[in-house]
1. Compare the peptides 73-81, 20-28 by average per-residue count of other Cβ atoms within 10 angstrom and give them in order, highest first.
2. Measure nothing but the geometry: give the 0 to 90° angle between the long axis through the Cα atoms of 12-28 and the longest principal axis through the Cα atoms of the chain, rounded to 10°.
3. Defining a contact as two alpha carbons under 8 Å apart and six or more residues distant in sequence, what relative contact order in percent does the chain show?
4. In square nanometres, what is one fourth of the surface area of the convex hull spanned by the alpha carbons of the chain?
5. Using Cα atoms only, what is the angle between the long axis of helix 35-48 and the major principal axis of the chain, expressed in degrees (0 to 90) to the nearest 10?
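Just so it is clear, none of the values below were taken in a lab; they were calculated from the coordinates. Predicted, not measured: the structure shown is a model, and the values here were computed from it. Counting neighbours? That spans all protein chains shown, and the Cβs are built from the backbone with ideal geometry, glycine included.
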């Protein structure tokens with residue numbers, strides 16, 4: 001009898017990163033000095049959608065014998081670059 005395997009994507013970390021990014025963007029407010037950063041941010045956001053990586057992997061076997069593999073998804077290095085820009089307020093790098 002073939003074994004049943006369920007692959008699951010846990011997006012809770014990814015959603016927390018999106019929420020953090022959203023709050024950081026909203027905190028920028030308005031100002032012409034930030035316009036260059038907004039343009040750069042658009043480029044980062046476009047790249048970030050291609051920079052989703054899987055972190056932890058949890059494998060369990062259910063009572064019915066089903067093998068469940070759960071991957072935790074998160075943004076990679078580009079997300080960290082954007083957050084570093086928010087933290088340092090160096091928007092022109």
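1. On the way: 73-81: 16.3, 20-28: 12.6.
So the peptides 73-81, 20-28, ranked by packing, come out 73-81, 20-28.
2. Between helix and principal axis, roughly 10 degrees.
3. 43
4. Details: hull surface 29.1 nm².
Average projection, Cα convex hull of the chain: 7.3 nm².
5. 20
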